[in-house]
Amino acid sequence: MQLTMPLDMHLHLRDEDMLHNIAKDSVHTFSGAVVMPNLVPPVTTKESLLAYKKRILDAIGDEKFTPYMTLFFKPSYDKAFLESIRDELTAIKLYPAGITTNSEGGVSGFDVEELRPTLQAMSELDIPLCIHGETNGFVMDREAEFVSIYEKLANAFPKLKIIMEHITTKQSVEALDRHENLYATITLHHLLLTLDDVAGGMLQPHLFCKPIAKRPEDRDALLKVALEAHPKVMFGSDSAPHPREAKESCGCAAGVFTAPIALQVLAELFESKNASVENLQAFVSNNAQRIYGVKPMDKTVILEKKPFKVPSDYNGVVPIYANQEIAYSVKEVIYG
Ligand code: DOR
Ligand code: ZN
């Protein structure tokens, strides 16, 4: 099976030691990825964005890969600033304050007038807005409660592309078709898991993430739009590495590490559900190219149906399916 120019539209590459530990393995099978800005401190200036991009390129060495850079949303960005950074910027990521890892500096209210200066400028400059859509309500209801905020913003800024990141509910899937300017990313783990897999038996810290995996009917709604390659849906792994000690501890960090095996497992999943390779190609690349207007570098990934034993860890970071066998292996990655 052959996939061309695979894209991961939501990836955490971190910084410093962690960046060096996971970068090459996270990007090897992708032409490019939208890199999240939730560092400490978050990426909020042109200098910090360019410096972070350089650190990523240094860490990936000879891997051929484009980091699509993002800023951490602030309501105070003005148009002149955004214009000055436009060529380097792929999207701006908005986090509600405190909702997940390193999001303390996020937004605490969703008053349209307070957010208007930045959002209006983004709309005029055609900069997509990526949102982690969860309220601070009951954990299973947070995303469904946020749908009305997505819709309020979609109505207030009809020309602004709004990406509902890592959707986990049927309510978010339904919202996609109600607003022309709403799009979504879906992770691998939310296509595979329900809350039962995380906490139905012994607690599985390496499957704990935000938003938490939901009910079977939610997963089915996600699977439907991914497998049919709904034109407004893109693959975004939300691969979120944490050191083993931060996961296997009292106070488990949120995040599932999937990037090194994401394409292989997606191939197995699409095959098991009788979905076509064309749809997988659209889900992992073509839809994102069209929605974001990006032209990825040439990279073709050849997968073969040969069992692959997933490592116990990648430099101390435990992946999904650690020590287990998956059906597909990477045979070759061809550049150019
Ligand atoms: O589980 C998560 N981990 N969800 C997020 O939104 C952030 C991520 C992280 O950065 O660790
Ligand atoms: Zn994320």
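What follows is calculated from the coordinates using simple rules that are stated; it is not laboratory data. What you see is a predicted model; the values in this text were computed from it and never measured. When we count neighbours, we look across all protein chains shown, and the Cβ atoms used for this are built from the backbone with ideal geometry, even at glycine.
Observations, loosely collected:
- Cα-Cα over 22 Å, subset of Lys64/Lys309; Lys24/Lys309; Lys53/Lys93; Lys53/Lys295; Lys170/Lys224; Lys93/Lys299: Lys64/Lys309; Lys93/Lys299
- Restricted to Cα atoms, segment 247-290 shows a radius of gyration and a Dmax of 14.7, 43 angstrom.
- Rel. contact order, % - alpha carbon contacts under 8 angstrom, at least six apart, the chain: 19
- Across segment 183-331, the mean sequence separation of Cα contacts (distance under 8 Å, 6 or more residues apart), normalised by length, yields a relative contact order of 25 percent.
- Local charge for Tyr52 was computed over the other residues whose Cβ lies under 14 Å away, with Lys and Arg +1 and Asp and Glu -1, and equals +1.
- About the Cα centre, charge dipole magnitude for the chain (Lys/Arg +1, Asp/Glu -1 at Cβ), debye: 400
- When only Cα pairs below 8 angstrom with a gap of at least 6 residues are kept, segment 64-176 shows a relative contact order of 24 percent.
- Taking packing as the residue-averaged number of other Cβ atoms within 10 angstrom, the listed peptides 81-89, 253-261 run from highest to lowest as 253-261, 81-89.
- Each residue of segment 139-155 is assigned a 3J(HN,Hα), and the resulting list reads 4, 6, 9, 4, 6, 4, 5, 7, 4, 5, 6, 3, 5, 4, 5, 5, 6 Hz, derived from the Karplus form 6.51 cos²θ - 1.76 cosθ + 1.60 (θ = phi - 60°), x at Gly and Pro.
- FRET efficiency, 1/(1 + (r/R0)^6) with R0 22 Å, evaluated for Glu268 and Glu228 via beta carbons: 0.80
- Karplus-derived HN-Hα couplings along segment 267-283 (A = 6.51, B = -1.76, C = 1.60, θ = phi - 60°), whole Hz, x at Gly and Pro: 4, 5, 5, 4, 5, 5, 9, 6, 8, 7, 5, 4, 5, 4, 4, 5, 5
- DSSP finds beta bridges in the chain, and of those with both partners inside it, around 30 percent are antiparallel.
- In the chain, helices alone account for a calculated mean residue ellipticity at 222 nm of -9500 deg cm²/dmol, with every DSSP H run of four or more residues adding -39,500 (n - 2.57).
- Length gained when the stretch Leu50-Ser276 is fully extended (0.36 nm per residue, less Cα-Cα span): 77.5 nm
- HN-Hα J in Hz across segment 325-336 - Karplus 6.51, -1.76, 1.60, θ = phi - 60°, x for Gly and Pro: 9, 10, 7, 10, 10, 7, 8, 7, 10, 10, 9, x
- Isotropic mean projected area of the C-alpha convex hull, the chain (nm²): 15.3
- Protection proxy ranking, peptides 239-247, 71-79, average beta carbon neighbours within 10 Å, highest first: 239-247, 71-79
- A simple packing score, the average count of other Cβ atoms within 10 Å per residue, orders the peptides 21-28, 150-157, 328-335, 189-196 as 21-28, 189-196, 150-157, 328-335, with the highest score first.
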